[in-house]
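This report concerns only the one structure given below.
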């Protein structure tokens, strides 16, 4: 996404169930496992914000931002090179240290608490994100 003064990449971790708590748990797992390695490999000047979700966003995400790289004051070629370098850094890190399915499943189960997520709220309707999020470091 390009703004007037920045270019931003977003990383959305979406759980197969679509559950918000599970998705946030996956994002937190990515931050814990890859955050330092990613920061070391990203282009100079990249701002990283994990859990960048604001009230109007449907799902949580990580934001990689290149300030002074927007359509008003930025260089399109430099912004394109930055995007490619950020994506390459992610791919290299993920390929070097893949998360085992069992570790991912355990992290999501722990974040959701005991029992299977049914997508239903306690009142019998569909879960519309009414539960509060649990971060891995709070578990």
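Details
- Cβ pairs under 7 Å, 6+ apart, first in the range 45-58 and on the phi < 0 side of the Ramachandran plot and touching a residue at least 40 places away in the same chain (Cβ under 8 Å), second surrounded by 13 or more Cβ atoms within 10 Å (Cβ to Cβ) and part of a loop (DSSP other than H, G, I, E, B): 52/61
- Residue check for residue 57: surrounded by fewer than 18 Cβ atoms within 10 Å (Cβ to Cβ), within 16 Å of the chain's Cα centre (by Cα) and more than 21 Å from residue 109 (Cα to Cα): yes
- Test: residue 35 is out of contact with any helix residue (DSSP H, G or I) (no Cβ under 7 Å at 6 or more places or on another chain) and not in a helix (DSSP H, G or I): no
- Scanning the range 38-54 for residues that are assigned to a loop (DSSP other than H, G, I, E, B) and under 12 Å from the mean Cα position of the chain (by Cα) returns 50, 51, 52, 53.
- If you go through the range 18-32 and keep only what is surrounded by fewer than 16 Cβ atoms within 10 Å (Cβ to Cβ) and either part of a helix (DSSP H, G or I) or at pLDDT 95 or above (or both), you end up with just 32.
The values are calculated or read from the model by the stated rules, or taken from the named source; none is laboratory data. This is a predicted model, so every value here is computed, not measured. Here the Cβ is made from the backbone with ideal geometry for all residues, glycine too, and neighbour counts use every protein chain on show.
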